[in-house]
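Peer 1: Below is a structure I'd like to ask you about.
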Amino acid sequence: MTARRRTSPVPASARAILRGDRRALARTISAIEDGEAEATPVLRALFPRTRQVPVIGFAGPLGVGKSSLINLLVRHLRAQGTTVAVIAVDPSSPFSGGSVLGDRIRFESRPGDQGVFFRSMASRGAAGGIAAATREAARLMDAAGFDLVLVETVGSGQVDVAIREIATTRVVVLVPHLGDEVQTLKAGLFEIADVFCVNKIDLPGSEHARRDLAELVALGPKGRGWTPRVAGTSTTVPTGVEALWHAIEAHEKYLDASGERAEGERHRLAAEIVGLVRDRVGRELTERLERDPTLRRLLDQVVARSIDPRTAADRLDGVARRST
């Protein structure tokens, strides 16, 4: 008689999220942000049930109107019957560690609309314009049944590029007259953009900015199967959002037709695994440096300039390898 394979029970919170329970979704995201152990079994149970929905990332300097643009895009998508979850990553308060801005200020309220879910997250010092928990939060929103997830980065300019490890399509938002076209090249945002959006095209000089970006795209790196599109929008008129969404849709269709969606998912998961291990090992070694007498002596040697930090790191790496 063949023994049946035993499976772990699905946590109640995971079942609630699969049913679309917003409170369970919000509580679990908070648990992830706070590093609570109760989030782990929920994430493990929901991972096989995710559908790999599109994740659209919006990056760009502060003040270009990313939040207003996302508001307008959500309105457009909801008119089409598409359900949308939004993650807005905010700078952290140096006092509480929480989000400085928050979705109550940045996004319009849509009472009673169950097809929209907004969540602000504090960056908590994470580099790259996103919070460490953003990826897992987006995955929970996928499991909750939303058709797509929009992610707005902090808008930290030259480090606003980690969105490539989360988003399937990256939209870089710029405005005329800020020199952003040149800054984009310097910041590395050019390399991550699948779609460029020149926002505030009601301002003078917008056509010139769009033309310059189109020329930069034409002169950009060769060998890519996808050529970034350039769209123009205004949230005050409003105009251009439908064209922006068509550009995003075109890239998503390209990912499916070219096979790059599976390749990108593999790359993102590899980066996630490495990041989790790096964070875990880093926390463990930091704690051991404080309580392990041998490692404390190693730190004392560095402080006394008896050895240099690289030598200490080599020895610490050896200790970590022997303990694994």
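Peer 1: Would you check if there is a residue in the range 37-57 being part of a helix (DSSP H, G or I), hydrophobic (A, V, I, L, M, F, W, C), under 18 Å from the mean Cα position of the chain (by Cα) and at pLDDT 90 or above?
Peer 2: The answer is yes, given that some residue of the range 37-57 is part of a helix (DSSP H, G or I), hydrophobic (A, V, I, L, M, F, W, C), under 18 Å from the mean Cα position of the chain (by Cα) and at pLDDT 90 or above.
Peer 1: Moving on. What tally of residues in the range 239-275 results from selecting those that are touching a Cys at 6+ places or on another chain (Cβ under 9 Å) and either at pLDDT below 90 or in a helix (DSSP H, G or I) (or both)?
Peer 2: Total satisfying the criteria: 2.
Peer 1: Given the condition more than 27 Å from I201 (Cα to Cα), assigned to a strand (DSSP E or B), among the polar types (S, T, N, Q) and at pLDDT 75 or above, answer yes or no: does some residue in the range 95-111 qualify?
Peer 2: For the range 95-111, residues more than 27 Å from I201 (Cα to Cα), assigned to a strand (DSSP E or B), among the polar types (S, T, N, Q) and at pLDDT 75 or above: absent.
Peer 1: Among (1) assigned to a helix (DSSP H, G or I); (2) farther than 24 Å from A162 by Cβ, there is one condition T236 misses while meeting the rest; what is its number?
Peer 2: (1)
Peer 1: Please tell me if R283 is of a type in the set (D, E, K, R) and in a helix (DSSP H, G or I).
Peer 2: The answer is yes for R283.
Peer 1: So, one more: Going residue by residue through the range 36-43, is there one that turns out to be crowded, with 19+ Cβ neighbours inside 10 Å and among the acidic types (D, E)?
Peer 2: No, the conditions are met nowhere in the range 36-43.
Peer 1: Out of V241, V281, V302, V217, I need the residue that is under 30 Å from L43 (Cβ atoms), in contact with a Ser or Thr (Cβ under 9 Å, 6 or more places away or on another chain) and surrounded by 13 or more Cβ atoms within 10 Å (Cβ to Cβ). Which one?
Peer 2: V281
The values are calculated or read from the model by the stated rules, or taken from the named source; none is laboratory data. Here the structure is a predicted model, which is why all the values come from computation and not from measurement. Cβ: placed from backbone, ideal geometry, glycine included. Neighbour counts: every protein chain shown.
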